[in-house]
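For reference, the structure discussed in these notes is given below.
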Amino acid sequence: MADNNEHLALWGGRFTSGPSPELARLSKSTQFDWRLADDDIAGSRAHARALGRAGLLSADELKRMEDALDELQRRVDDGSFAPIEDDEDEATALERGLIDIAGDELGGKLRAGRSRNDQIACLIRMWLRRHARVIAGQLLGLANALIAQSEKAGKTVMPGRTHMQHAQPVLLAHQLMAHAWPLLRDVQRLIDWDRRINASPYGSGALAGNTLGLDPEAVARELGFSRVTDNSIDGTASRDLVAEFAFVAAMAGVDISRLSEEIIIWNTQEFAFVKLDDGYSTGSSIMPQKKNPDIAELARGKSGRLIGDLTGLLATLKGLPTAYARDLQEDKEAVFDQVDTLEVLLPAFTGMVATMRFDADRLEAEAPTGFALATDIAEWLVKNGVPFRHAHELSGACVKIAEGRGQELWDLTDDDFIGAFNGFLPADKAPQVREVLSSHGSVNSRNGKGGTAYGRVREQIVDAKAEVEELKLFADSTSDGPAYKAPGSF
Ligand code: ARG
């Protein structure tokens, strides 16, 4: 077993035997953490310079170290260096690679003053900050597709539903924009989260800080952080910021899932509100006629897994003593899975949304049905001096008559209205209620801020576009450049 010790060079000293094969298999994380290799090498460069400034590497040593790190990066890039079976994690593998290149003497100096605990806490922050920008850009792409569909929808009305029952007519654009705003808030959440995670744990050491007089501020700056974490125990042991990212990713998944559900229903034969483009639908291996909304279904399904990643991580964190414990290694697969999931899902989903076609005639025809104008009758009565409590009853009486005859509200006769409103409105007034019995009239009368009237929907589209432009600054920023500052942010 003794030669096993050599492979695990990061902690062999006090052990007489190497790890058992079972432990080695359990302990190994290179199969998922190797994707942090680039960030680790960037961290090593910054750390080497900190060692140089502290006089722990001579100018010549620093130069040779930087060259060796460049060479290591080249080997990682072209695949000629990769983890081997005995490497416990990405840091172990990279140290082996560095020593291969720089030799034992120089390569062995880099580890001074840092621990894998502050290292890994820093790397996950770097990685997430970069991918948060990718995901923000993709979420904005989806929001833009919804905005474009809303503009195309113009004045088309559709049945607005509560409890899935016809409620009141709304503009199709209004319904679509209701799915855009949550996505914009998800991006806002990422921006807000980025302010908090923009602190480097480098210099925290294993938990208590370092004795070597290294300058963590300089390391932080080199790695694109605006500041250093305030507490070395917190810096190495906290994962609330990873969990917060996981929440935003899960929330985005849920937002997309709710839109998916809508598209799936609208795409059924019974609804027939929308048709999906062939390029974004799938067929069945047995039923030749089938055209299935698989993208929306996968999105709905994957939202479950995005939530699972979040809850799994929270369960891991619950009950952990502070400072570092190995449990914390479990943070990475959760968020890697979320990022992989969203980065593949969002482009396909956006393509589906951008290319779907609505059946405007059908939406228009369905919009006022199911007594969807009953509220308009009640509100018209209110405008004519009837207290709402009675107006609600009177409108309900109209619904009852129409329903009993298998008719819609606009099929009622003058006498029906006169009878229904008797005692509240004069007979010559009652039939005038017809002026509100159209879905366009109904929609346009809802013209308060945020309402479904055409002018108000235009207004929200303009506002949403401006918001997209502002949020795009974050998506286009780099996580290793100057910190993104939202206009008007604190
Ligand atoms: N691979 C570990 C992680 O991802 C970092 C190594 C810390 N290990 C340790 N024994 N202190 O969290």
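Rolling a 1.4 angstrom probe over the protein heavy atoms with all chains in place gives the chain an accessible area of 46 Å² per residue. Here the accessible area is traced with a 1.4 Å probe on the protein chains. For the chain, carbon and sulfur cover 52 percent of it.
With N counted as the residues of the stretch 210-355, its alpha-carbon radius of gyration over 2.2 N^0.38 Å works out to 1.46. Backbone amide hydrogens, once placed in the peptide plane, bring Gly18 within less than 5 Å of Ala2, Asn4, Asn5, excluding anything fewer than 5 places away on its chain.
Remark on the stretch 83-145: hydrodynamic radius 14.3 angstrom, per the Kirkwood mean of 1/r across alpha carbon pairs. Distance from the C-alpha centroid of the stretch 161-189 to that of the stretch 257-319: 18 Å, rounded to the whole angstrom. When the alpha carbon gyration tensor of the stretch 344-469 is reduced to an equivalent ellipsoid, the three semi-axes, largest first, read 37, 18, 11 Å. Look at the alpha carbon pairs under 8 Å that are at least 6 residues apart: their mean separation over the length of the chain gives a relative contact order of 18 percent. Principal axis analysis of the Cα atoms in the stretch 186-271 yields extents of 71, 21, 14 Å, listed in decreasing size. Note on Met164: accessible area approximately 100 square angstrom, rounded to 10, probe 1.4 Å, nucleic acids and ligands left out. Per the Debye formula with a single identical scatterer at each Cα and no solvent contribution, what log10 I(q)/I(0) holds for the stretch 285-382 at q = 0.14, 0.20 Å⁻¹? So the normalised log intensities are -0.79, -1.04. Annotation: amide H of Thr282 within the under-5 Å range of Asn292, Asp294, sequence separation 5 or more or interchain, hydrogens built in the peptide plane. Principal semi-axes of the equivalent ellipsoid, √(5λ) from the alpha carbon gyration tensor of the chain, are 62, 23, 19 Å from largest down. Ignoring lysines fewer than eight residues from Lys63 along the same chain, the ones with Cα atoms less than 27 angstrom from its Cα are Lys109.
In order along the stretch 148-154, the phi-based Karplus estimate (6.51 cos²θ - 1.76 cosθ + 1.60, θ = phi - 60°) of 3J(HN,Hα) comes to 4, 5, 5, 5, 5, 5, x Hz; Gly and Pro are listed as x. With q set to 0.12, 0.18 Å⁻¹, the log10 of I(q)/I(0) for the stretch 38-124, from the Debye formula over equal scatterers at the Cα positions, is -0.32, -0.73.
The phi torsions of the stretch 67-83, fed into the Karplus equation with coefficients 6.51, -1.76 and 1.60 and a -60° offset, translate into couplings of 4, 5, 5, 4, 5, 4, 4, 4, 5, 5, 4, 8, x, 6, 10, 8, x Hz, rounded to whole numbers, with Gly and Pro shown as x. Close amide H pairs (under 5 Å, H built 1.01 Å from N) link Phe81 with Val76, residues at least 5 positions away or on another chain. Of all lysines in the structure, those lying under 24 Å Cα to Cα from Lys302, and not within fewer than 8 positions of it along the same chain, are Lys275, Lys290, Lys291, Lys332. Using θ = phi - 60° in the Karplus curve 6.51 cos²θ - 1.76 cosθ + 1.60, the 3J(HN,Hα) couplings for the stretch 384-399 round to 9, x, 8, x, 4, 4, 6, 4, 4, 5, 5, 5, x, 5, 4, 4 Hz; x is entered for Gly and Pro. Straight-distance candidates among the lysines for linking to Lys449, with alpha-carbon spacing under 25 Å and chain neighbours fewer than 8 residues away dropped: Lys152, Lys155, Lys383, Lys465.
The values are calculated or read from the model by the stated rules, or taken from the named source; none is laboratory data. Source: prediction; values computed, not measured. Calculation scope for accessible area: heavy atoms of the full protein, side chains included, ligands and nucleic acids excluded. Shrake-Rupley method; radii C 1.70, N 1.55, O 1.52, S 1.80 Å.
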